[in-house]
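First comes the structure, then the notes that go with it.
The values are calculated or read from the model by the stated rules, or taken from the named source; none is laboratory data. Since the structure is predicted, the reported quantities are computational estimates derived from the model, not experimental observations. Because the Cβ atoms are built from the backbone with ideal geometry, glycine has one as well, and the counts that use them run over all protein chains shown.
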């Protein structure tokens, strides 16, 4: 089974691809993780289009059977919640168009896996994953956190 985990954003979207079975013990083997960087100052519709194209390309290249995604969460800033909802919708659309099984997880479950506690700040991802991601993809701390979160989402779905 191959799972694509995505941590959507409208500037940076993290992703991770995990494969289970085929003799891979535990929670599977990390195939790839990284980020999709979108135009920071571009109009939202253009960034959402870029996000859709990026997710479609990942699905075509890796051929996952499932998508793992964080459930919607409610931010204090209503605009942030709404914009992130648009990004989630684009990812869900691409997965549905490809016929993937979709698994959504509460943010606290993913935070607990990434940071060690459900209420922890995600600015301090689990150190066992971060070096692997940082070595694979150069980028900001936010990029590494997003890639860590998406990879762990995929691992949760694959287990």
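Descriptive notes on the structure:
- In the set 81, 122, 113, only one residue is in contact with a helix residue (DSSP H, G or I) (Cβ under 6 Å, 6 or more places away or on another chain) and at pLDDT 55 or above; that residue is 113.
- Flag for residue 95 being at pLDDT below 90, closer than 20 Å to residue 18 by Cα and surrounded by 18 or more Cβ atoms within 10 Å (Cβ to Cβ): no
- Selection within the range 40-60 - without any contact (Cβ under 8 Å) to a residue 40 or more places away in the chain and surrounded by 12 or more Cβ atoms within 10 Å (Cβ to Cβ): 42, 47, 49, 50, 53, 57
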